[in-house]
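Peer 1: Please read through the structure below; I'll follow up with questions.
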Amino acid sequence: MQPARMYRRNLPHIQTVGKSYFVTFCTKGHWVIPEAERNIVLDCCRYTHGRSVFLHCAVVMPDHVHLVLTPMADPAGQPFLLEKLLKGIKGTAGRKICQALGRTGPVWQAESFDHILRSDESVEAKADYVIMNPVRKGLANEPALYPWLWRARNEQDV
């Protein structure tokens, strides 16, 4: 009898227009992104705001990124797919970081963690939690002092 082979398969993501998500993605090998290049990552996250997502908040930590977002509908009325959104953010940011640093190879882990916010979870409460991450990690005394954090406060922020 042959040993069982383990295959890693990505599970399909089921999305609905109007649902919000908490997303985290990490650097490959938990590589620390230099401070100047964290601006690149934040800019790539913010670029999606109002185009394909409503980005409630984004926080770029030294070796990972947290987002709270709501995918918008495409012209056919379907939500923009998280997988494609994250591929765009990670791919663009990764290329720009490698170009800025003169390095090659992947910047990000292939997989990302995403969690659909349950009906009892407030988007604002999750965003409040996420923007406190730099404070909890001792990187800033308050969220407003952390330079790689962005938050939309209302629909007019698109």
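Peer 1: I'm trying to understand the selection: among the residues of segment 58-82, which are at pLDDT 95 or above, part of a strand (DSSP E or B) and either among the small types (Gly, Ala, Ser) or under 17 Å from Ala93 (Cβ atoms) (or both)?
Peer 2: Matches in segment 58-82: Ala58, Val59, Val60, His64, Val65, His66, Leu67, Leu69.
Peer 1: So, one more: Could you tell me which of the residues Ile116, Ile40, Ile33, Ile97 is over 14 Å from Trp148 (Cα atoms) and modelled with pLDDT of 95 or more?
Peer 2: Values: Ile116 fails: modelled with pLDDT of 95 or more; Ile40 fails: over 14 Å from Trp148 (Cα atoms); Ile33 fails: over 14 Å from Trp148 (Cα atoms).
Unique residue meeting the criteria: Ile97.
Peer 1: Got at least one residue in segment 129-140 being over 17 Å from Pro62 (Cα atoms) and more than 19 Å from the chain's Cα centre (by Cα)? Steps first, answer last, please.
Peer 2: Let us first name the residues in segment 129-140 that are over 17 Å from Pro62 (Cα atoms), namely 129.
Next cut, more than 19 Å from the chain's Cα centre (by Cα) only: none.
So far as segment 129-140 goes, no, none of its residues is over 17 Å from Pro62 (Cα atoms) and more than 19 Å from the chain's Cα centre (by Cα).
Peer 1: Of all residues in segment 94-121, which are small (Gly, Ala, Ser), surrounded by 12 or more Cβ atoms within 10 Å (Cβ to Cβ) and in a loop (DSSP other than H, G, I, E, B)?
Peer 2: Filtering segment 94-121 for residues small (Gly, Ala, Ser) gives 94, 100, 102, 105, 110, 112, 119.
Now restrict to residues that are surrounded by 12 or more Cβ atoms within 10 Å (Cβ to Cβ): 94, 100, 112.
Listed by number, the list holds a single entry, Ser112.
Peer 1: Sort through Thr104, Thr27 and tell me the only one that's in contact (Cβ under 8 Å) with a residue 12 or more places away in the chain and of a type in the set (Val, Ile, Thr). Steps first, please.
Peer 2: On the way: Thr104 fails: in contact (Cβ under 8 Å) with a residue 12 or more places away in the chain.
Answer to the check: Thr27.
Peer 1: Only one residue in Val17, Val32 is farther than 24 Å from Ala152 by Cα, part of a loop (DSSP other than H, G, I, E, B) and among the hydrophobic types (A, V, I, L, M, F, W, C), so which one is that? Break it down into steps so the answer makes sense when it comes.
Peer 2: Details: Val17 fails: farther than 24 Å from Ala152 by Cα.
Of the residues listed, the single one that is farther than 24 Å from Ala152 by Cα, part of a loop (DSSP other than H, G, I, E, B) and among the hydrophobic types (A, V, I, L, M, F, W, C) is Val32.
Peer 1: Yes or no: Leu42 more than 20 Å from Leu117 (Cα to Cα) and not aromatic (Phe, Trp, Tyr)?
Peer 2: Working: more than 20 Å from Leu117 (Cα to Cα): yes; not aromatic (Phe, Trp, Tyr): yes.
Spelling it out, Leu42 is indeed more than 20 Å from Leu117 (Cα to Cα) and not aromatic (Phe, Trp, Tyr).
Peer 1: Here is a further query. Going through Leu145, Leu81, Leu139, Leu85 one at a time, which residue ends up being surrounded by fewer than 17 Cβ atoms within 10 Å (Cβ to Cβ), closer than 24 Å to Gly29 by Cβ and of a type outside the set (Phe, Trp, Tyr)? Spell out how you get there, then give the answer.
Peer 2: On the way: Leu145 fails: closer than 24 Å to Gly29 by Cβ; Leu81 fails: closer than 24 Å to Gly29 by Cβ; Leu85 fails: surrounded by fewer than 17 Cβ atoms within 10 Å (Cβ to Cβ).
After applying the criteria, what remains is Leu139.
The values are calculated or read from the model by the stated rules, or taken from the named source; none is laboratory data. None of these values were measured; they are calculated from a predicted model. Cβ atoms come from the backbone with ideal geometry, glycine included; neighbour counts cover every protein chain shown.
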